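Quick one: the structure is below, and I'll ask about it shortly.
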Amino acid sequence: MPDATEQLQPLGESFSDRAHQDLTGHLGMWAWLASEVMLFGGLFLGYAIARVTYPEGFAEGSRELDVFLGGLNTYVLLGSSLAMALAEHAAKAGRRRPLLINLGAVLLLGGLFLAIKFYEYYDKALKGHVPGADFEFSGEHPQAVELFLFLYFTMTGLHALHMLGGLSVIGGTFLRTAVTGRMPGPLFVTATALYWHFVDIVWVFLFPCLYLVR
Amino acid sequence: MNKQTEKSARGLWLVFGGLCLLLTAALFVTQLPAGPWRPAAAMGIAGAKALVIALGFMHLSRSGPVVILYATAGVFWLGILFLLTFADYLTRT
């Protein structure tokens, strides 16, 4: 849709043509996502070492998590990724109404994901399963389970922070488009979508590591 | 909506359908009797899901070589991190 793109995304002074501008934007976003891979990668490595060292304790810890809620949240996040991809599709076509509907769907599904996650945290807090001085666990491997839950809270907490950041940007874009009626630039929506799909991929690996190693 | 736009939107729904099928397969695998292959199968399915998201939603299937190089760089270095760390941990006596 060159006409819509031309109208919505002015060519920057530093770029020779639109392809140059788009490629630069995509590469910048992918370079940042590569740094995010290393951030989460360090946590996954720590998890993998602890999992190999305490396989039985980690299986016991995993059984404390609710597979139904974890699985439901994975469907919800995959749905939000679809909505984000459809929003990007609408932005490239310069179509405001489907863009707003799909961004709204991302906000709703992302909010639902966080609500389910915080319910899980609340449930763990009620059972005394939050690592620290007041940690309570009556199973066979309390220390390994505490380590597992420490990693659970750290990894899902960092993921939830990334989701909050993404939802803030998507919420701002939604409001600006709805209030002013001006469409966001397609390159901006593509960069936001790349980030959101990356956050989805992180959860795709967190889910089996934490919920399915029982 | 022109036919080309409609077709690519349908492609996104197909990607989502494939992801839901893979997730359902992962949930099914956890219901089978325990064994060392079970976590490996769950992680293998997660890898397949990540690949489908990267190719279908993040457009890597129609990106140029420079974008693919940037996209795989992080995974490449992560692979080295895991390889060297476990070369140590798994060979300790």
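What follows is calculated from the coordinates using simple rules that are stated; it is not laboratory data. Keep in mind the model is a prediction, meaning the values are calculated, not measured. Here the Cβ positions follow ideal geometry from the backbone for every residue, glycine too, while neighbour counts run over all protein chains shown.
Does at least one position in segment A:95-107 carry a residue that is touching an Asp or Glu at 6+ places or on another chain (Cβ under 8 Å) and at the interface with chain B (Cβ under 10 Å from one of its Cβ atoms)?
No, segment A:95-107 contains no residue that is touching an Asp or Glu at 6+ places or on another chain (Cβ under 8 Å) and at the interface with chain B (Cβ under 10 Å from one of its Cβ atoms).
Working only within segment A:171-191, note down all residues that are assigned to a helix (DSSP H, G or I) and either over 22 Å from the mean Cα position of the chain (by Cα) or basic (Lys, Arg) (or both).
Across segment A:171-191, the qualifying residues are A:Arg176, A:Thr177, A:Ala178, A:Val179, A:Thr180.
Among the residues of segment A:56-74, what is the count of those that are within 11 Å of another protein chain (Cβ to nearest Cβ) and surrounded by 15 or more Cβ atoms within 10 Å (Cβ to Cβ)?
8
With respect to A:Leu206, determine if the residue is in contact (Cβ under 8 Å) with a residue 12 or more places away in the chain, of a type outside the set (D, E, K, R), closer than 26 Å to B:Cys20 by Cβ and in contact with a His (Cβ under 8 Å, 6 or more places away or on another chain). Quick ask: steps written out before the conclusion?
On the way: in contact (Cβ under 8 Å) with a residue 12 or more places away in the chain: yes; of a type outside the set (D, E, K, R): yes; closer than 26 Å to B:Cys20 by Cβ: yes; in contact with a His (Cβ under 8 Å, 6 or more places away or on another chain): yes.
It is true that A:Leu206 is in contact (Cβ under 8 Å) with a residue 12 or more places away in the chain, of a type outside the set (D, E, K, R), closer than 26 Å to B:Cys20 by Cβ and in contact with a His (Cβ under 8 Å, 6 or more places away or on another chain).
Additional query: All but one of (1) at the interface with chain B (Cβ under 10 Å from one of its Cβ atoms); (2) surrounded by fewer than 20 Cβ atoms within 10 Å (Cβ to Cβ); (3) not charged (D, E, K, R) hold for A:Leu78; state the number of the condition that does not hold.
(2)
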